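To start, the structure under review is shown below, and the notes come after it.
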Amino acid sequence: MRLRNIPRAEGVLQAHPIVMKEETTYKGKWKQEFGNNNPIHIEIGMGKGQFLLALADQNPGINYIGIERYSSVLLRAVEKYEEFCGRDGMLGVEPGEMRPLKIDGRLPNIRFVCMDAADIADVFAQDEVAKIYLNFSDPWPKKRHARRRLTSREFLGRYQQIMDDEGVVEFKTDNHDLFQFSLEEVEAAGWKLEAYTWDLHNDEKMNRGNVMTEYEAKFSSMGNSIHKLIATR
């Protein structure tokens with residue numbers, strides 16, 4: 001499905017303080033940006049941000065960075081952030097008139113980046129990331145596009161460049177073929193498959209503490225089984 005372009009998205013993202021600009025300059029310096037030594041967890045393909053906002057609220061001792069390629073989608077995450085934090089008036093004005101915000105209050109432990117996930121090693125340094133979340137990623141169904149899948153061995157190799165020795169990747173999807181592919185790629189990439197399930201919501205152990213994404217709620221309400229895997233380096 002083609003994404004609808006929102007003309008004001010670029011201006012809002014440029015002006016908003018939790019959307020990081022010139023993201024490569026933060027490589028190796030993300031803990032300085034957050035002002036603490038808390039572990040860093042990132043979500044690649046964060047969509048509208050519901051999942052990451054809930055985690056940041058629940059876990060103030062963890063720093064979260066949401067990565068989204070499309071500015072029009074990231075705009076929705078910024079709007080959700082504003083709503084979540086109870087801010088008023090920031091998004092209803094023209095971009096050039098937006099007032100700068102100090103990052104404080106309810107969610108000081110979250111940042112957003114608009115970028116292509118293929119460039120992730122240019123933005124994070126080795127050992128800088130403790131966990132990566134991949135939720136309902138684009139399945140890229142054609143075989144010739146397999147390397148673009150976020151659970152391919154190529155991407156797992158990129159993740160290895162930025163994660164610490166105990167780094168964890170958690171992946172959820174309702175796409176059977178993509179999940180089977182992902183299980184095989186984890187092994188091929190030399191990672192360890194710690195746990196997996198083809199039916200998350202009926203797996204008492206793996207579903208404990210599960211935070212649902214927008215897509216997860218939608219697909220499960222349609223009767224689709226949710227698949228999940230956890231892999232470590």
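The values are calculated or read from the model by the stated rules, or taken from the named source; none is laboratory data. Small disclaimer: the values here were computed from a predicted structure and weren't measured. Here Cβ is always computed from backbone atoms with ideal geometry, including for glycine, and neighbour counts include all displayed protein chains. Only protein heavy atoms, including side chains, enter the accessible area calculation; ligands, DNA and RNA are left aside. Shrake-Rupley method; radii C 1.70, N 1.55, O 1.52, S 1.80 Å.
Quick notes on this one:
- Within segment 189-221, being open to solvent by less than 50 Å² (accessible area, probe 1.4 Å) and either in a strand (DSSP E or B) or under 18 Å from Leu55 (Cα atoms) (or both) holds for Ala195, Thr197, Met206, Asn207, Asn210, Val211, Thr213, Glu216, Ala217.
- Residue match in segment 26-38 (condition: within 18 Å of Ala118 (Cα to Cα), modelled with pLDDT of 95 or more and assigned to a helix (DSSP H, G or I)): yes
- For Asp177: the one exception among (1) farther than 25 Å from Ala56 by Cα; (2) at pLDDT below 95: (2)
- Taking first residues from segment 108-132 that are at pLDDT 95 or above and partners that are β-branched (Val, Ile, Thr) and open to solvent by 10 Å² or more (accessible area, probe 1.4 Å), the Cβ contacts under 7 Å between residues at least 6 apart in sequence or on separate chains come to Asn109/Ile62; Asp122/Thr24; Val123/Thr24; Lys131/Val168.
- Residue match in segment 165-174 (condition: closer than 18 Å to Glu68 by Cβ and assigned to a helix (DSSP H, G or I)): no
- When restricted to residues that are at negative phi, in contact with a helix residue (DSSP H, G or I) (Cβ under 9 Å, 6 or more places away or on another chain) and either not in a loop (DSSP other than H, G, I, E, B) or not β-branched (Val, Ile, Thr) (or both), segment 129-156 contains 19.
- Qualifying positions in segment 20-64 - farther than 25 Å from Gln126 by Cβ and of a type outside the set (Asp, Glu): Gly47, Lys48, Gly49, Gln50, Phe51, Leu53, Ala54, Gln58, Pro60
- Single match in Ile6, Ile62 (criterion: at pLDDT 95 or above and β-branched (Val, Ile, Thr)): Ile62
- Set Gly47, Gly89: member being closer than 27 Å to Pro141 by Cα, at pLDDT below 95 and among the small types (Gly, Ala, Ser): Gly47
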